[in-house]
Every structure is written in structure tokens, then in C-alpha cells.
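Trainee: The following block contains the structure, expressed as C-alpha cells.
Derivation of every value follows stated rules applied to the coordinates shown; laboratory data play no part. Remember, predicted model here, so these are calculated numbers, not experimental data. When we count neighbours, we look across all protein chains shown, and the Cβ atoms used for this are built from the backbone with ideal geometry, even at glycine.
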Amino acid sequence: MSIDPFVATVNALVAQERSKGSVQSYEDLKERIQRRAHLYDVLQRIEDEMRALRSTVQTLPSLPPEREVLWANAVLTLPNLALPEIDTTGLDAAAEIVRVTLIDSTGAVLDDILIKPTRPLSPQVSEINGIHNKDLEHAPTIREAWPRIERCFQGRHVVSFSQDFDRDKLNETANRDQLPRMNFIGEDLRLRVGQYLGNSYISLVEACTRIGQPLPKRPHQTGIDRARGQLCVLQAIANAVTSCNTATQQQESMSTGLEGDSSLEDLDEHPF
């Protein structure tokens, strides 16, 4: 319903009231009271219509925050950008690192380091991270691999999902094995995704699915898949994509170099 007739009525009543000047008699006063009552009735109709219009506008889908879009575009231009994925034997402080993977802004693998732990991997851990004991038979120990890991992070701007987890595992390993602590400059992609999608608890699996780039089904999902999943999410933010409905138009450009099938099952927030 158009509010134009109501607005016209209000303007006419206001003009009529102004033209009357001050009250001249009791009869005039009664007429003024009736006219003012009618005026406020019409105003109420306008307010009701405006309230309905506001409700309609509020049903529109939220727009992605421009600040996060600009951030993602800026980060993707960094020549030293690296997106890591760290696989471990668990989540507690005693967990050992068994794989460190880093990719660049194109999805190319900068390095992919398998590390032999002090104890064999359990079937459950292998199911989660896609690494099997046979893959680690000839892998270096963490002490042997540490200098190589340090070189991977050196001079890099690191963006990773749940970066506190990565830092904690690197620091716990350094303390436990008396290795040099590793410091790097970086940002937590999960925090940015939370601000972008309005969901601080979203997992990487959920974010990848939402933008139309689901991770492979485990046990076929690897650290490389998750690292490239992070890149897909970063690219989606840069393109202002918030769901797979709009992501499908950009899947071809975003999926360059990506591996995996279209199926997905629920995973832990930190799949080791």
C-alpha cells in the first residue's frame, strides 16, 4: 500500500490548521480538536505502514562486511603469503606433529613435510588426518625436520584457520624437544571468517561447504586439502561470496589446483 495519500492528507490538514490561526471560539476549538484527532489517526497509519516496510527490509539477506572483503583482497596480493596446515597425533599438549604443509596464494605447495612420531599412529588418528604409519616409515624425526619447518615459516605472512592451535603445537613441540621456538607474523583466518559470516564458531569444514568448496571425505582428506580449503575460503571472502548459491558462479576460478570430491562428512574442529 502506498503512503502517498496519507502524506497528502497530513499536509492538507496541517495547512488547514495553520490557516485558521488562533482559536476564535468554543465551536472553533471543537473543530480543531476533531481535526487534530484525524491528523494523528493518519499519522498512525503512516507509522504502521513504515513499520511494515521496515520489517520487509529487515528480511533481506545480510550483506558481507566490506572491511573483511578489502582485507582478503589485500592479503591475497602479498607475495610472501603462506597458508599452513599442521597435522598432529591429537589435541593435547603431548600431541606430536606428523605433518606440516604450506601453500601459497595460488594453491601451489611451498613444502609438505612428513614427520615420524615417537609412537605409531592410531587407526582413529589416521582416519582423521589421512596419514598412515607406512607413510611415515622413512620420514625424519621432528628434530631432523625442525630446521626445514623453520625455513618454511621464515619471512612469510601466515594466514591459517585457528592459528592459535598451530602456534601452540609448534611451541609445545619446541619446549618438549628443546628446539628453537618458532615465531612468525600472521593472522587467524577463523576470526576473519567469523566476522565475515557472523558465526564465531564456524569450522573450516562448514566454511568450505558454505562457499561451495567442500573438503574431500575422510580418510581421503589430507593436510593439503585443508590448506587449499583455507585458500578457497580466503578467495571467497575476497570475492564477497557468502554461500554456495553465489559461489557457483565463481567456482571455476576458485578451484584451480584444488583436489577432492564433492562429498563431505562432519569433522572435528581441529582434525589434527
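Trainee: Please state the charge dipole magnitude for the chain, taken about the Cα centre, from unit charges on C-beta atoms (+1 on K and R, -1 on D and E), reported in debye and rounded to the nearest 20.
Mentor: So the magnitude is around 660 debye.
Trainee: Between L60 and A15, take the C-beta separation as r, use R0 = 30 Å, and let me know the FRET efficiency to the nearest 0.05.
Mentor: Given R0 = 30 Å and the Cβ-Cβ separation, E is 0.25.
Trainee: Could you work out the Kirkwood radius for segment 119-207, taking every pair of different alpha carbons, averaging 1/r and inverting it, reported in Å?
Mentor: 15.3 Å
Trainee: Here is a follow-up. How large is the dipole of segment 88-194 about the Cα centre if only Lys and Arg carry +1 and Asp and Glu carry -1, each at its Cβ, rounded to the nearest 20 debye?
Mentor: 140 debye
Trainee: Label points 7 Å out from Cα along the Cβ direction at H157 and E49: separation in nm?
Mentor: 5.1 nm
Trainee: From the phi angles alone, apply the Karplus equation (6.51, -1.76, 1.60; θ = phi - 60°) to segment 93-99 and give each ³J(HN,Hα) in whole Hz, x where the residue is Gly or Pro.
Mentor: In residue order, the calculated couplings are 5, 8, 5, 9, 7, 10, 7 Hz.
Trainee: Treating only the Cβ of Lys, Arg, Asp and Glu as charged (+1, +1, -1, -1), what charge dipole size does segment 4-58 show about its Cα centre? Round to the nearest 20 debye.
Mentor: The dipole magnitude comes to about 120 debye.
Trainee: First obtain the Kirkwood hydrodynamic radius of the chain from its Cα pairs, then insert it into the Stokes-Einstein equation at 10 °C and 1.306 mPa s, and state the resulting D in µm² per second as a whole number.
Mentor: 71 µm²/s
Trainee: Spelling out what I want: for every residue of segment 121-128, take phi, set θ = phi - 60°, compute 6.51 cos²θ - 1.76 cosθ + 1.60 (Karplus), and round to whole Hz; glycine and proline get x.
Mentor: Residue by residue, segment 121-128 yields 6, 7, x, 5, 5, 4, 4, 7 Hz.
Trainee: Could you give the length gained by full extension between E144 and D168, i.e. 0.36 nm per residue of separation minus their alpha carbon distance, to one decimal place?
Mentor: 6.7 nm
Trainee: Something else now. Hey, can you list the DSSP H helices of the chain whose Cα span along the axis is 30 Å or longer and whose average Kyte-Doolittle score is at least 0.5?
Mentor: none
Trainee: Comparing I33, I224, I86, which has the greatest mean-square fluctuation in the GNM of the chain with Cα pairs linked when under 10 Å apart?
Mentor: Among I33, I224, I86, the largest GNM mean-square fluctuation belongs to I33.
Trainee: Ignoring the sites themselves, what is the longest stretch of the chain with no GluC sites (Glu not before Pro) in a DSSP loop and at most 15 other beta-carbon atoms within 10 Å?
Mentor: The answer is 1-136.
Trainee: If you count the DSSP beta bridges with both ends in the chain, what percent of them are antiparallel, to the nearest 5?
Mentor: That works out to approximately 65 percent antiparallel.
Trainee: Tell me which residues come under 5 Å, amide H to amide H, from R99 once H is placed; ignore anything under 5 positions away on its chain.
Mentor: The answer is D87, I115.
Trainee: Lysines near K30 by alpha-carbon distance under 16 Å, same-chain residues fewer than 8 away left out - which ones?
Mentor: K20
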